[in-house]
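Please read the structure below before turning to the comments.
The values are calculated or read from the model by the stated rules, or taken from the named source; none is laboratory data. Please read all numbers here as calculations on a predicted model, not as lab measurements. Here the Cβ positions follow ideal geometry from the backbone for every residue, glycine too, while neighbour counts run over all protein chains shown.
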């Protein structure tokens, strides 16, 4: 259902791609006072015109970060101030609210493309002058281990969730300016050394810097050109990568499986065919051919105009023969963002799709469309979101859409053109796999089938097909809700399950101990608090746990 904001904001619905790559520059050699004026201008503008953005960061924490950058300007180089401004805007943690990558990485980038597979960060693409490193695994940036380097760079990225960072944040590792400003490398140089691993050999390689615009980019993968190489075997092309250079969307019939595969990589119309016409052609094919299974792939879809979504949803709802459980599969991934998050929300609301792949890069409800705010002295533009997109009730909001069936790729999968995500959809069989695990467990709880609940909870929590579910958090939230309803015994049962499944969770033992105290189960409470002392004797909760043990022993 379209909100009033949707009806007003027709001019540019969730235009993620246009902002993510837009290059801007700042004036050189500003005085300390001019930079400080820009910082205060940004701060005051946000407070006056965009106060609604303070959802994930408090005004106090934001102002504290502003003051720190303002006071440190005299000690910073120009690139460190630009990166600092990006850190400020990124505190809001909405992907559309940002200082563009081209501004942050103004002086250029390394001549490689990185991709984070499930077995590590690899050089997926490279300029041909550095072909020797193609396919190498990244171990260090300078002297910083790659996991630490990723951690240090992350605050510069307007991270909506972990998937957003994987899709849109990894490229910040290619900017020497970001690497220096964030302490990954000690000095700013035009050359950066990486420690790499390839074919059993570990070595270092010095990369020069190239202009940002010289790097081709296609949905986080490299489309080979005369100058750029990809690690993938080019003798064939998997369906999800077909026609990336020429088509936003296409479909292909897999005759052996009687399956129709569709890839839609944008919610914008293409010059050769509008989405409305594409959907008509798609549904005409479905109506006139034997299609036992529809697989709709938006894992590379970064958004567009979500007014284009309606005809797809209407077409699916009008065809129950394909819009039914086990016949319709919807593939999502780390690039699924913006208007395609709106599409995904509609798919999960109005269809029977089984969701496959990785979580999306967007919150279910989010701030989208943005307005540029130009700083008066540097002329840097910060893009600040103003449109709240709420497709789901607020109590159903989550960090991302999570797949029913979790599947991702290894480096070997990619270079050999294997597609385990598509295979999971094609080979799906209704063998009792629980598509909605929390719904299933909730129903068992409501009906009082506690033995089955306990057994199924243990099985579900260990199943890799649910790898993106944070069951500890889900169970904890459920226990808190039950406790809030006055059901202490039910909450106790859930906390005991959590403690059994996650015995190293200090927070769980603390919550369990507190509840046991309230229920006058003093001996059990002492055991729970002692677990905290065993696990983290110097942790934040240890002192409280110790005092409560002492008090309980006197009772």
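Summary of values
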quantity	calculated
Any strands (runs of 3 or more DSSP E) falling wholly within the stretch 325-411 and containing at least 2 residues that are under 16 Å from the mean Cα position of the chain (by Cα)	328-332, 354-357
Residue count, the stretch 247-259 (criterion: surrounded by fewer than 17 Cβ atoms within 10 Å (Cβ to Cβ) and either in contact (Cβ under 8 Å) with a residue 12 or more places away in the chain or within 26 Å of the chain's Cα centre (by Cα) (or both))	6
Pairs, first within 9 Å of residue 337 (Cβ to Cβ) and not assigned by TED's automatic domain parsing to the domain that holds residue 333 in the stretch 152-168, second at pLDDT below 95 and part of a helix (DSSP H, G or I), C-beta under 7 Å, six or more apart	168/20
Odd one out for residue 183 among (1) surrounded by 15 or more Cβ atoms within 10 Å (Cβ to Cβ); (2) outside any helix (DSSP H, G or I); (3) within 26 Å of the chain's Cα centre (by Cα)	(1)
Residues (buried (at least 19 other Cβ atoms within 10 Å of the Cβ) and part of a loop (DSSP other than H, G, I, E, B)) located in the stretch 143-158	157, 158
Residue match in the stretch 431-442 (condition: without any contact (Cβ under 8 Å) to a residue 12 or more places away in the chain and part of a helix (DSSP H, G or I))	yes
Subset of the stretch 66-99 (residues that are out of contact with any strand residue (DSSP E or B) (no Cβ under 7 Å at 6 or more places or on another chain) and in a loop (DSSP other than H, G, I, E, B))	76, 77, 91, 92, 93, 95
The one condition in (1) more than 17 Å from residue 163 (Cβ to Cβ); (2) modelled with pLDDT of 95 or more that residue 362 fails to fulfil	(1)
Meets criteria (over 27 Å from residue 278 (Cα atoms) and either touching a helix residue (DSSP H, G or I) at 6+ places or on another chain (Cβ under 9 Å) or assigned to a helix (DSSP H, G or I) (or both)) for residue 197	no
Failed criterion for residue 244 (all others in (1) surrounded by fewer than 22 Cβ atoms within 10 Å (Cβ to Cβ); (2) assigned to a helix (DSSP H, G or I) hold)	(2)
Single unsatisfied condition, residue 181 versus (1) touching a strand residue (DSSP E or B) at 6+ places or on another chain (Cβ under 6 Å); (2) over 22 Å from residue 302 (Cβ atoms); (3) touching a residue at least 40 places away in the same chain (Cβ under 8 Å)	(1)
Residues of the stretch 118-139 that turn out to be within 23 Å of the chain's Cα centre (by Cα) and surrounded by fewer than 19 Cβ atoms within 10 Å (Cβ to Cβ), as a count	5
Residues of the stretch 260-289 that turn out to be surrounded by fewer than 19 Cβ atoms within 10 Å (Cβ to Cβ) and touching a helix residue (DSSP H, G or I) at 6+ places or on another chain (Cβ under 7 Å), as a count	3
Residue 539 being assigned to a loop (DSSP other than H, G, I, E, B) and farther than 16 Å from residue 473 by Cβ	yes
All positions within the stretch 191-231 that are surrounded by fewer than 18 Cβ atoms within 10 Å (Cβ to Cβ), within 20 Å of residue 146 (Cα to Cα) and within 27 Å of the chain's Cα centre (by Cα)	197
Qualifying residue in the stretch 196-213 (condition: touching a residue at least 24 places away in the same chain (Cβ under 8 Å), outside the structural domain of residue 467 (by TED's automatic domain parsing) and under 19 Å from residue 84 (Cβ atoms))	no
Residue in the stretch 299-313 that is assigned to a loop (DSSP other than H, G, I, E, B), touching a helix residue (DSSP H, G or I) at 6+ places or on another chain (Cβ under 7 Å) and either under 17 Å from residue 283 (Cβ atoms) or not assigned by TED's automatic domain parsing to the domain that holds residue 244 (or both) present	no
Total residues in the stretch 520-536, condition in a loop (DSSP other than H, G, I, E, B) and either over 35 Å from the mean Cα position of the chain (by Cα) or more than 12 Å from residue 507 (Cα to Cα) (or both)	2
Some residue of the stretch 447-456 being more than 30 Å from the chain's Cα centre (by Cα), modelled with pLDDT of 90 or more, outside any helix (DSSP H, G or I) and not assigned by TED's automatic domain parsing to the domain that holds residue 356	yes
Filter result (over 30 Å from residue 339 (Cβ atoms) and surrounded by fewer than 20 Cβ atoms within 10 Å (Cβ to Cβ)) within the stretch 74-109	74, 75, 76, 77, 78, 80, 107, 108
